[in-house]
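Input: a single structure, listed below in structure tokens.
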Amino acid sequence: MAFDVTFWGVRGTVPSPTPDHMGYGGNTPCVEVMLDDRLIVLDCGTGLRGLGKALMEGGPRRGLILLSHLHLDHIAGFPFFAPAYSSDFSFRVLCGRPDGGPPLRRVMAGQMEAPLFPVPLREMQAELSFEDFVPGSQLDTEEGVRIATAPLNHPDGATGFRIDYDGASLAYVTDTEHVPGQDDGNVLSLIEGADLVIYDCTYTEAEWSERVGWGHSTWEEGVRLCRLAGARRLALFHHDPDRDDAGMAALERAATAAWPAAFAAREGMRIRLRD
């Protein structure tokens, strides 16, 4: 009963395709989760393009796509997702909508309309469904897979996810801002005892103090919450696009020194949570 996590995009806000960013990766958020032969995709940032190419070469022909929210860095890869143009594939696309905004399908189609993109959503030949849900609800998925959700503190709202399968667990908590001196109960509910927590570690505490209200967190807060919740490992995620490889290495050293179970997510990194 395998539970594998692969990072296809780890950068936040905007892609950073420069030589000084390639050690950790320049694509925006996309994480592949394989539960035996069942596919779950977390976010559709520019890293989704690489995942799509891999799926075209072999693998599942159906899957579940979970969007943390609809800011551009988390959906910009969708128009370039090759499987969506093939009738051999089928995907459920879900996103929490806490603010009563436009339906998910309208937003995903909007970024593919002229003059923004030359190929409209209707040209995608895969079987696609777009579903809104209220953050905090339990998602209806396949037997044996439990997916919990919780609202996060982010401009326009965002949703965190926890996936439990065959005794192993993954928490995906990106684009969230902490409040100093307060424990975020929504985050703690998702990460409690998790085998792996993927957490928004865009800034250091020193940097964050000048960016309050931007909707992101720090590696220091990620370490604190994981320790408090008894999580086993922490993947630093949503890397600042201005932080090059040297800066990322320094940040990772500091986080690992504070808690040896912390590490920085890199594009191409694969983690097996359960054999």
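Which condition number in (1) closer than 21 Å to GLY45 by Cβ; (2) assigned to a loop (DSSP other than H, G, I, E, B); (3) over 17 Å from the mean Cα position of the chain (by Cα) is the one that GLN125 fails?
(1)
Among all residue pairs at least 6 apart or on different chains, which show Cβ distances below 7 Å where the first residue, located in the range 241-259, is over 22 Å from LEU225 (Cα atoms) and the second is part of a loop (DSSP other than H, G, I, E, B)?
Here the result reads PRO241/GLY12; PRO241/THR13; PRO241/VAL14; PRO241/SER16; ASP245/GLY23; ASP245/TYR24, each pair linking the range 241-259 to a residue that is part of a loop (DSSP other than H, G, I, E, B).
Just to be sure I understand the filter: pairs with C-beta atoms under 6 Å, separated by 6 or more residues or on different chains, first member in the range 113-127 and closer than 15 Å to PHE89 by Cα, second member modelled with pLDDT of 95 or more and surrounded by fewer than 11 Cβ atoms within 10 Å (Cβ to Cβ). Which pairs pass?
GLN125/SER87
What single numbered condition from (1) in a strand (DSSP E or B); (2) crowded, with 17+ Cβ neighbours inside 10 Å; (3) touching an Asp or Glu at 6+ places or on another chain (Cβ under 6 Å) fails to hold for THR176?
It fails just one condition, (1).
With respect to the numbered conditions (1) more than 13 Å from the chain's Cα centre (by Cα); (2) farther than 18 Å from ILE271 by Cβ; (3) among the aliphatic types (A, V, I, L, M), which one is the sole condition not fulfilled by ALA2?
The failed condition is (2).
Anything in the range 133-171 that is of a type in the set (Ser, Thr, Tyr) and over 14 Å from the mean Cα position of the chain (by Cα)? List them, or say none. Break it down into steps so the answer makes sense when it comes.
Taking the range 133-171 as the starting set, the residues that turn out to be of a type in the set (Ser, Thr, Tyr) are 137, 141, 149, 159, 165, 169.
If the condition is that a residue be of a type in the set (Ser, Thr, Tyr) and over 14 Å from the mean Cα position of the chain (by Cα), then SER137, THR141, TYR165, SER169 are the ones that fit.
Inside the range 45-80, can you point out the residues that are buried (at least 17 other Cβ atoms within 10 Å of the Cβ) and either part of a helix (DSSP H, G or I) or among the basic types (Lys, Arg) (or both)?
LEU48, ARG49, GLY50, LEU51, GLY52, LEU55, ASP73, HIS74, PHE78, PRO79, PHE80
Quick check, is GLY144 touching a residue at least 12 places away in the same chain (Cβ under 8 Å), in contact with a Phe, Trp or Tyr (Cβ under 8 Å, 6 or more places away or on another chain) and on the phi > 0 side of the Ramachandran plot?
On the way: touching a residue at least 12 places away in the same chain (Cβ under 8 Å): yes; in contact with a Phe, Trp or Tyr (Cβ under 8 Å, 6 or more places away or on another chain): yes; on the phi > 0 side of the Ramachandran plot: yes.
So GLY144 fits the description; yes.
Report, by residue number, each residue of the range 81-106 that is under 10 Å from ASP132 (Cβ atoms) and in a helix (DSSP H, G or I).
LEU104, ARG105
Please go through the range 134-173 and pick out each residue that is surrounded by fewer than 16 Cβ atoms within 10 Å (Cβ to Cβ) and not in a loop (DSSP other than H, G, I, E, B). Steps first, please.
Looking only at the range 134-173, we keep the residues that are surrounded by fewer than 16 Cβ atoms within 10 Å (Cβ to Cβ), and these are 134, 136-138, 140, 142-144, 146, 155-156, 166-167.
GLN138, ARG146, listed by residue number.
Assess whether GLY247 counts as being of a type outside the set (A, V, I, L, M), over 18 Å from ASP43 (Cα atoms) and assigned to a loop (DSSP other than H, G, I, E, B).
Working: of a type outside the set (A, V, I, L, M): yes; over 18 Å from ASP43 (Cα atoms): yes; assigned to a loop (DSSP other than H, G, I, E, B): no.
Here the answer is no, as GLY247 does not meet what is asked.
One residue is enough: does the range 11-23 have a residue meeting the conditions on the phi > 0 side of the Ramachandran plot, at pLDDT 95 or above and of a type in the set (S, T, N, Q)?
Residues of the range 11-23 that are on the phi > 0 side of the Ramachandran plot, as a first pass: 13.
Checking the rest, the ones that are also at pLDDT 95 or above come to 13.
Retained after the next criterion (residues that are of a type in the set (S, T, N, Q)): 13.
Within the range 11-23, one or more residues are on the phi > 0 side of the Ramachandran plot, at pLDDT 95 or above and of a type in the set (S, T, N, Q).
Any chance you could count how many residues in the range 185-204 are touching a residue at least 40 places away in the same chain (Cβ under 8 Å), buried (at least 20 other Cβ atoms within 10 Å of the Cβ), out of contact with any Asp or Glu (no Cβ under 9 Å at 6 or more places or on another chain) and not in a helix (DSSP H, G or I)?
2
Tell me which residues, restricted to the range 166-195, are hydrophobic (A, V, I, L, M, F, W, C) and closer than 19 Å to GLN138 by Cβ.
Filtering the range 166-195 down to residues hydrophobic (A, V, I, L, M, F, W, C) leaves 168, 170-171, 173, 179, 187-188, 190-191, 194.
Within the range 166-195, ALA168, LEU170, ALA171, VAL173, VAL187, LEU188, LEU190, ILE191, ALA194 qualify.
Those residues that are surrounded by fewer than 18 Cβ atoms within 10 Å (Cβ to Cβ), under 12 Å from GLN125 (Cβ atoms) and free of Cβ contacts under 8 Å to residues at least 40 places away in the same chain, I need them from the range 85-105; list them, please.
ASP88, SER90
Residues are listed down the side, and each one gets a yes or a no for (1) within 23 Å of GLN138 (Cα to Cα); (2) in contact with a strand residue (DSSP E or B) (Cβ under 7 Å, 6 or more places away or on another chain):
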{"site": "GLY9", "(1), (2)": "no, yes"}
{"site": "VAL14", "(1), (2)": "no, no"}
{"site": "VAL41", "(1), (2)": "yes, yes"}
{"site": "GLY45", "(1), (2)": "no, yes"}
{"site": "SER68", "(1), (2)": "yes, yes"}
{"site": "ALA76", "(1), (2)": "no, no"}
{"site": "PHE81", "(1), (2)": "no, no"}
{"site": "TYR85", "(1), (2)": "no, no"}
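The values are calculated or read from the model by the stated rules, or taken from the named source; none is laboratory data. Predicted model only: the values in this text are computed from it and were never measured. Here Cβ is always computed from backbone atoms with ideal geometry, including for glycine, and neighbour counts include all displayed protein chains.
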